[in-house]
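Chemist: Below is one structure. I have some questions about it.
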Amino acid sequence: MRALRFHAAHDLRVEELAEPPAPAADDVLVKVAACGICGTDLHEYAAGPIVTPVEPHPLTGAQNPQILGHEFAGEVVAVGGGVTRAAVGDRVAVMPLVFCGRCRYCVRGLPHLCDRMGCVGLSLLVAKNL
Ligand SMILES: [Zn+2]
Ligand SMILES: [Zn+2]
């Protein structure tokens, strides 16, 4: 697939990447229909890396380059074997935060403050160039 990836400030590159793998048991694969460009993305482009990982992310293992864009919607095109609340063909808006579920914030119901929080479109992608 073709993607625009952030490598460093003022360094965006259109690249050919491997197709995403089949989703893990509790994951879904979403074909993006629309994606916003957030102030976070603009700051990352102008002065980053700020929140994109220059070393492997402690929760996701991802690091730059990343495909920016964390405010998006689309259609579910594949689901993992353990997914029960989404099905192929569902139109979805995505809550992009990825959290550990075990830290002091997550156990208090505050996953948006997770000590190791990641985010789709900033610190989740582990994609290989073709
Ligand atoms: Zn945003
Ligand atoms: Zn946490």
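The values are calculated or read from the model by the stated rules, or taken from the named source; none is laboratory data. Predicted model, so just to flag it, every value in this text is computed and none were measured. Cβ atoms come from the backbone with ideal geometry, glycine included; neighbour counts cover every protein chain shown. The accessibility values were calculated without ligands, DNA or RNA, using every heavy atom of the protein model including side chains. Shrake-Rupley method; radii C 1.70, N 1.55, O 1.52, S 1.80 Å.
Chemist: Is it fair to say Pro20 is outside any strand (DSSP E or B) and farther than 26 Å from Val92 by Cβ?
Modeler: no
Chemist: Do you know which residues across the stretch 99-118 are in contact (Cβ under 8 Å) with a residue 24 or more places away in the chain and either at positive phi or in contact with a Ser or Thr (Cβ under 6 Å, 6 or more places away or on another chain) (or both)?
Modeler: Across the stretch 99-118, the qualifying residue is only Gly118.
Chemist: Can we say Ala18 is among the aliphatic types (A, V, I, L, M), in contact with a Leu (Cβ under 7 Å, 6 or more places away or on another chain) and open to solvent by less than 50 Å² (accessible area, probe 1.4 Å)?
Modeler: Judged against the criteria, Ala18 is a match.
Chemist: So, of the residues in the stretch 69-94 that are among the aliphatic types (A, V, I, L, M), in a loop (DSSP other than H, G, I, E, B) and surrounded by 11 or more Cβ atoms within 10 Å (Cβ to Cβ), which turns out to be nearest to ligand 2 (Cβ to nearest atom)?
Modeler: By that ranking, first place goes to Val94.
Chemist: In the stretch 23-68, what residues are assigned to a loop (DSSP other than H, G, I, E, B), within 13 Å of ligand 1 (Cβ to nearest atom) and open to solvent by 40 Å² or more (accessible area, probe 1.4 Å)?
Modeler: Within the stretch 23-68, Ile37, Ile50, Val51, Leu68 meet the criteria.
Chemist: Tell me, which residue of the stretch 95-112 that is outside any loop (DSSP other than H, G, I, E, B) and away from ligand 1 (no atom under 16 Å from the Cβ) is farthest from Glu16 (Cα to Cα)?
Modeler: Looking at the filtered set, the residue picked out is Arg108.
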